[in-house]
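Below: the structure, in structure tokens.
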Amino acid sequence: MKVVHVVGTGTIGEPLIGLLADHKADFGIDEVTFHKRTPLVTERGKVNDLVRRGAVLVVDEDKRTTFEELGHAPKFETREAIERAKVVIDCTPVGNENKAEYYESALNPLGFLAQGSEYGFGKMYARGINDHALVHGEDRFLHIVSCNTHNIAVLVKTLAMDDDGTNHLTDGRFICIRRSNDISQDSGFAPSPTVEKHKDGRFGTHHARDAHELFETIGYDLNLFSSALKLNSQYMHALHFSLTLDRDITLDEVRDRLTANKRVAITYKKSTNAVFSFGRDHGYFGRILSQTVVAVDTLTVRNGNTLVGFCFTPQDGNPLLSSLAATLWYLSPDELDERINILRPYLFAEV
């Protein structure tokens, strides 16, 4: 059986479980299981809805009784569910710990995925950036890069690289203007703009470092640097970018490149709430699956060869798409493009 197991029911795990369960026939998946760590009455409705949509609940054996007292009927325990699966998608902040405790000794799964915070889990991956770098039988562990790293990567590939792979970027600088926390979260809110440390002398924050390592898998050594700050907003991230090329570029060429990339959306909106509300009304359960949404009116070219502008990051939309693509690559690589096309309506040309 082609079983996909998702660990975690947070801001990425929950929509991913629903996405896989709703379309498992289209994706060629026989069963979707998911692990919930903590039994909470406040999340009973969420778990019940995921089960209603066809996903199977998995819990730790020592928590089974408490889950049953909440009215749940877990079917498998942790290690059993991992061994049954062909692909395991870890959506927790402890992916590397789970790798050491469970995944490295598991025999049945073809592959394991972890999300943006889990640096060192495996080869970095983003849909449409380094697909041809993946090697069957070799890349059993993949690290789906963060939402802002997706954004940086697609901007660089779209605006600074030619179709034949020629790289024109000499310097890429990015300011990740992050939301405080997700609208589903009660904790972690920042009451005022809060700046983050530059922990890496070469790359600044992990966003540029991860984008560099992502492109390194396909032979590039890019000059990237990122900064980050958190705002007291729950809507979505924004990104300021400055790309200096080794040649001149015009705004007409920039617009042509953006509209030619089907994973890039453009917008004439200028606020995160306006873009966020579009996703709420038109996205897949509120998610824009495009890798970035570029604010066209902010684009300008400085000194003929430095492209400057703002864009918005569909925070869990781009990792969702990459997680699904990697899952289908493990299960049925020859059918990946055909099967994933069912989600193309949520990759918008314009927001």
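Across the range 187-205, the qualifying residues are those that are without any contact (Cβ under 8 Å) to a residue 12 or more places away in the chain and loosely packed, with under 13 Cβ neighbours inside 10 Å, and the one among them that is farthest from Leu299 (Cα to Cα) is Ser187. Of the residues making up the range 275-303, just one is among the β-branched types (Val, Ile, Thr) and within 15 Å of Pro15 (Cβ to Cβ), namely Ile288.
When Ile288 is tested against the conditions (1) buried (at least 20 other Cβ atoms within 10 Å of the Cβ); (2) farther than 20 Å from His207 by Cα; (3) in the same structural domain as Glu14 (by TED's automatic domain parsing), the lone failure is (3). Residues of the range 65-113 being touching a residue at least 40 places away in the same chain (Cβ under 8 Å), assigned to a helix (DSSP H, G or I) and more than 24 Å from Thr11 (Cβ to Cβ), which ones? Correct list: Arg84 only. Hey, does the range 14-30 have a residue that's without any contact (Cβ under 8 Å) to a residue 12 or more places away in the chain and surrounded by fewer than 21 Cβ atoms within 10 Å (Cβ to Cβ)? Yes, the conditions are met somewhere in the range 14-30.
In this structure, Ala295 does not qualify as within 21 Å of Tyr346 (Cβ to Cβ) and modelled with pLDDT under 95.
Does Ile89 satisfy the condition of being more than 18 Å from Arg209 (Cα to Cα), β-branched (Val, Ile, Thr), touching a Ser or Thr at 6+ places or on another chain (Cβ under 6 Å) and modelled with pLDDT of 95 or more? Spelling it out, Ile89 is indeed more than 18 Å from Arg209 (Cα to Cα), β-branched (Val, Ile, Thr), touching a Ser or Thr at 6+ places or on another chain (Cβ under 6 Å) and modelled with pLDDT of 95 or more. Are any residues in the range 115-139 closer than 15 Å to Pro333 by Cα, touching a helix residue (DSSP H, G or I) at 6+ places or on another chain (Cβ under 9 Å), part of a loop (DSSP other than H, G, I, E, B) and not hydrophobic (A, V, I, L, M, F, W, C), and if so, which ones? Correct list: Arg127, Gly128, Asn130, His136, Asp139.
Restricting attention to the range 173-186, does a residue exist that is surrounded by fewer than 21 Cβ atoms within 10 Å (Cβ to Cβ) and among the hydroxyl-bearing types (Ser, Thr, Tyr)? Checked against the condition, which is being surrounded by fewer than 21 Cβ atoms within 10 Å (Cβ to Cβ) and among the hydroxyl-bearing types (Ser, Thr, Tyr), the range 173-186 yields at least one hit. Of all residues in the range 154-162, none are more than 30 Å from Arg302 (Cα to Cα) and of a type in the set (Gly, Ala, Ser). For the range 48-56, state whether one or more residues are buried (at least 19 other Cβ atoms within 10 Å of the Cβ) and over 13 Å from Pro74 (Cβ atoms). The answer is no; no qualifying residue exists.
Residues of the range 178-192 that are in contact with a strand residue (DSSP E or B) (Cβ under 6 Å, 6 or more places away or on another chain) and either in a loop (DSSP other than H, G, I, E, B) or modelled with pLDDT of 95 or more (or both): Arg179, Ser180, Ala190. Within the range 32-70, the only residue that satisfies the criterion of being hydroxyl-bearing (Ser, Thr, Tyr) and farther than 22 Å from Glu80 by Cβ is Thr42. Scanning the range 141-161 for residues that are part of a loop (DSSP other than H, G, I, E, B) and surrounded by 15 or more Cβ atoms within 10 Å (Cβ to Cβ) turns up at least one hit. Against the conditions (1) within 25 Å of Ile249 (Cα to Cα); (2) in contact (Cβ under 8 Å) with a residue 12 or more places away in the chain; (3) among the polar types (S, T, N, Q), Ser180 satisfies every one except (1).
The values are calculated or read from the model by the stated rules, or taken from the named source; none is laboratory data. Remember, it's a predicted structure, so these values are computed and weren't measured experimentally. Virtual Cβ from ideal backbone geometry, glycine too; neighbours counted across all protein chains shown.
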